[in-house]
Every structure is written in structure tokens, then in C-alpha cells.
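Structure first, commentary second.
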Amino acid sequence: MRCTSFLIVVSLIITAPFKPVFAQEKAISLVPSRVESDKNNDGKVDYWQFYTDGKLEKIEVDSDFDGTVDETIYFKDGKPYKGERDTDKDGIADTWLYY
Ligand SMILES: [Ca+2]
Ligand SMILES: [Ca+2]
């Protein structure tokens, strides 16, 4: 009986359809959606680049390193088209730049 069970298991393994297993069956995107930098080397991120499908969409900057974004630059087709700045540090943009 034991031998029969063993033979059944072995025959199932042998006749099972072979499917190779690859380490990475899913395609891994190497294009970042966000890049962060610490421009003043204080250990806190103060510069962000945002990408969609590999295209730069927006840059945010904390130019005075107080932990709050105070400048945003928007991109279209890889070129800047609009910028916003919060110069009085109230959290609301008060200066707009058009490229
Ligand atoms: Ca920093
Ligand atoms: Ca700031």
C-alpha cells in the first residue's frame, strides 16, 4: 500500500505540467514616480520631483528649510509652464511665474 501511494505521488509529480519559475515574472518599473533630495544635508527632505510615466510633472521646494513647501514648479512636456511661491510664509501662494 505504501509503495502504491509512493508510486502515485511520483507519477503525479512526473506528469504534472512543467512551468518554469522565473525570479521576476512581473516587469518592474525602473522609472521613479518621485525623487527626493536633502539639499542642505540636515537629514530632512526639502526638494521633491514628481513624475508620471517617466515625465517630470512637478517640483516642490522647501527653500528656507522650515519643513513647509514654499515653491512649486509645474511642467508640461518636460518644460516648466507655471511656478508658485509663498513668499510671506502663510502657506498660501502669493507669487506666480509663467514660463
Ligand atoms: Ca534638508
Ligand atoms: Ca519652507
Original post:
Looking at this model, which pairs from 44/76; 44/79; 58/89 are more than 25 angstrom apart at the alpha-carbon?
Top reply: 44/76; 44/79
Subject >> Charge-dipole axis of segment 26-98 as Lys and Arg at +1 and Asp and Glu at -1 on Cβ define it, positive-most pick from 73, 43, 87 >> reply: 73
Subject >> From phi via Karplus (6.51, -1.76, 1.60), per-residue ³J(HN,Hα) for segment 65-74 in Hz, x at Gly/Pro >> reply: 6, 9, x, 10, 5, 10, 8, 10, 10, 9
Original post:
Hey, if you drop one equal point scatterer on each alpha-carbon of segment 26-98 and run the Debye formula without solvent, what base-10 log of I(q)/I(0) do you get at q = 0.11, 0.16, 0.22 Å⁻¹?
Top reply: -0.32, -0.62, -0.99
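None of the figures in this text is laboratory data; all of them are computed from the coordinates on show. Remember, it's a predicted structure, so these values are computed and weren't measured experimentally. Note that each Cβ is placed from the backbone with ideal geometry, even for glycine, and that neighbours are counted across all protein chains shown.
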